[in-house]
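Below: the structure, in C-alpha cells.
The values are calculated or read from the model by the stated rules, or taken from the named source; none is laboratory data. All values derive from a computational prediction rather than experimental measurement. Using ideal geometry, Cβ is built from the backbone for each residue, glycine included, and neighbour counts are taken over all protein chains shown. Ligands, DNA and RNA are stripped out before the accessible areas are found, and what is left, the full protein with its side chains, is counted by its heavy atoms. Shrake-Rupley method; radii C 1.70, N 1.55, O 1.52, S 1.80 Å.
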Amino acid sequence: MNFSVQAHPAQEVEVHSDIYVTDPPYGDAVKYEEITEFFIAWLRKNPPEEFAHWTWDSRRSLAIKGEDEGFRRGMIAAYRRMAEKMPDNGIQVLMFTHQSGSIWADMANIIWASGLQVTAAWYIVTETDSALRQGANVTGTNILILRKRHQQHETFRDDLGWEIEEEVKKQVEMLAGLDKSVRNQGSEGIYNDADLHMAGYAAALRVLTAYARIDGKDMMVEAEAPRVAGSKTFVDELIEFAVQTAVKFLVPIGFETAEWQRMAPVERFYLKMAEMEHQCNKTLDNYQNFAKAFKVRHFDQLMSDSSKANSARLKLSTEFKGSLMSGDSELAGTTLRALLYAMFEVSKEIDTGDVLLHLMDNCPSYLTNKPLLAKMAGYLAEKRAALKPGKSFKPDVEAASARILADAIANHRL
C-alpha cells in the first residue's frame, strides 16, 4: 500500500497513492498556512535529523483559501487530481467541520465534481469543554470516507427525500442513544445538539453523493455550475431538507416525539435554544443556524436586545412582557406565548387564580394543551435554574415563576 505525504499543492500531485488524508480549510476555518509558520520558525534552526533536507516554507501563496468561486474551483481541482492518482479501490479520508448548510452544499458539489462519493461517515469528539473554550462550538469533526463513483445510479427527489430522512434519523438516533447511555452511567454527555446537527449533514452527503443523476440532472454538471449570488442551487435545497430532517429528531428530553412535532416551529426553536443556553452554547451564529433549520424567519424578535456575537440569549418572560401577543409575529397566538405571559404575571405576584384565568383566555384550546403547558413550564424552570444571573438577566426569577406555574397548571381543576 502506498501512503504518501504530499509537500506540494494537491492539484499537482504526481505520486500514485492508495490513501489520501485531507483536512481542508473552509469558510471561517483555521488558516493552516499561517499556523504552520509558527512551527517552521521553531523547527527551522534545529530540525530533526529525518527532516533535515526539508525546505522550511509554508508556501502561503499556494494555499487554497476563502469560500468564493475561485476557492471552490481550487478544491475541485485538488480532489479530482487525487482521485485520478488513486486506484479504483483507493480511498480518501476527509476531515470536515462546519455548521453552515451552504458550506456543506459546496462540499457536496466538490465531491460530486471530483467523481467521488461518501461511502461512510463517523462523527468523532476531538475537543472537551473548558473555561477557555465556551459557546456553540462543535466538539468534534466528521470523518468522511470517499471512494470513486463507479456506477451511474439515478433517483428522483421525492424518493431521495425518504432516503435522506431514514439515513439522517438513523445517524442522529445512534449518536443520541450513545450519548444517553453515557449520561445514564453518571458521566458527562458526549455530544451536544450542534454535534448531532453536524452528523446529520454527513449522513445526508452519504445519500446524495451516491447518485450521479437526480431528477434527470447530471450532478457533475450541476456541481461545476458557478454560484449566482443570492440564489439557491438544487444542492442547497437538498442540504436544507437534510438539516430540517436532522432537527426534527433532536427532541429535548421530557417531550414525546409526536407532541414535539405538533408544536409550531417558533415554539420548538425557543425551547431548543433554552436547552442550548443551559449547555452554555450562546454564540449568535448558533441561533441563526437553528432558526434556518426550524424555518423561523424572525428569530431576532425572540432575542435579548443585549445579545452579542458570543453571548447571545433569548428574551425572558419579564422582557417580553405583553409584546408579541397578537399581530403577524410567528410567536403570537401560540401556546408558548400564552405560557410566557403567564410566567410574567406570576413574577409580578398577580394572584395565581387570575393568572390561570388569563392563561385560559390566551391559550388556544387550553384544556387540550393543559398537559403540554405544564410540561413546558417545568422544562423552562429546569433550564433557567442553572443559568448565571446578570445585571438585567434574572434567570432565578424566571425559573421560580415557571416552577410555580407548572404546579398551578398541573393541579388546576376545571
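Data overview
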{"read-out": "Any hit, the stretch 343-353, residues being surrounded by 15 or more Cβ atoms within 10 Å (Cβ to Cβ), closer than 21 Å to PHE299 by Cα, modelled with pLDDT of 90 or more and of a type outside the set (Phe, Trp, Tyr)", "value": "yes"}
{"read-out": "Residue list for the stretch 363-414, filter: open to solvent by less than 70 Å² (accessible area, probe 1.4 Å), of a type in the set (Lys, Arg) and within 20 Å of GLU319 (Cα to Cα)", "value": "LYS383, ARG384"}
{"read-out": "Test result for LYS180, under 23 Å from LYS282 (Cα atoms) and out of contact with any Pro (no Cβ under 8 Å at 6 or more places or on another chain)", "value": "yes"}
{"read-out": "Test: residue in the stretch 310-318 that is assigned to a helix (DSSP H, G or I) and closer than 19 Å to ASP396 by Cα", "value": "yes"}
{"read-out": "Filter result (over 15 Å from VAL266 (Cβ atoms) and among the small types (Gly, Ala, Ser)) within the stretch 323-351", "value": "ALA342, SER347"}
{"read-out": "Sole exception among (1) buried (at least 17 other Cβ atoms within 10 Å of the Cβ); (2) more than 21 Å from the chain's Cα centre (by Cα); (3) aliphatic (A, V, I, L, M) for LEU284, by number", "value": "(2)"}
{"read-out": "Matching residues in the stretch 262-278 - criterion: being assigned to a helix (DSSP H, G or I) and either open to solvent by less than 10 Å² (accessible area, probe 1.4 Å) or closer than 17 Å to GLN301 by Cβ (or both)", "value": "PRO265, VAL266, GLU267, ARG268, PHE269, TYR270, LEU271, LYS272, MET273, ALA274, MET276, GLU277"}
{"read-out": "Breaking point among (1) farther than 17 Å from LEU196 by Cβ; (2) of a type in the set (S, T, N, Q); (3) buried (at least 18 other Cβ atoms within 10 Å of the Cβ), for SER231", "value": "(3)"}
{"read-out": "Test: residue in the stretch 310-317 that is over 16 Å from the mean Cα position of the chain (by Cα), more than 24 Å from PRO364 (Cα to Cα), modelled with pLDDT of 85 or more and open to solvent by 10 Å² or more (accessible area, probe 1.4 Å)", "value": "yes"}
{"read-out": "GLY177 being more than 19 Å from ILE124 (Cβ to Cβ) and either surrounded by fewer than 21 Cβ atoms within 10 Å (Cβ to Cβ) or in contact with a helix residue (DSSP H, G or I) (Cβ under 6 Å, 6 or more places away or on another chain) (or both)", "value": "no"}
{"read-out": "Within the stretch 240-261, tally of residues that are open to solvent by 50 Å² or more (accessible area, probe 1.4 Å), within 16 Å of GLU173 (Cβ to Cβ) and not aliphatic (A, V, I, L, M)", "value": "4"}
{"read-out": "Residue list for the stretch 287-301, restricted to those being in a helix (DSSP H, G or I) and open to solvent by less than 40 Å² (accessible area, probe 1.4 Å)", "value": "TYR287, ASN289, PHE290, ALA291, ALA293, PHE294, PHE299"}
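Matching residues to (1) modelled with pLDDT of 75 or more; (2) part of a helix (DSSP H, G or I):
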site: ASP195; (1), (2): no, yes
site: TYR201; (1), (2): yes, yes
site: ALA204; (1), (2): yes, yes
site: TYR211; (1), (2): yes, no
site: VAL221; (1), (2): yes, yes
site: SER231; (1), (2): yes, no
site: VAL235; (1), (2): yes, yes
site: THR245; (1), (2): no, yes
site: PHE255; (1), (2): yes, no
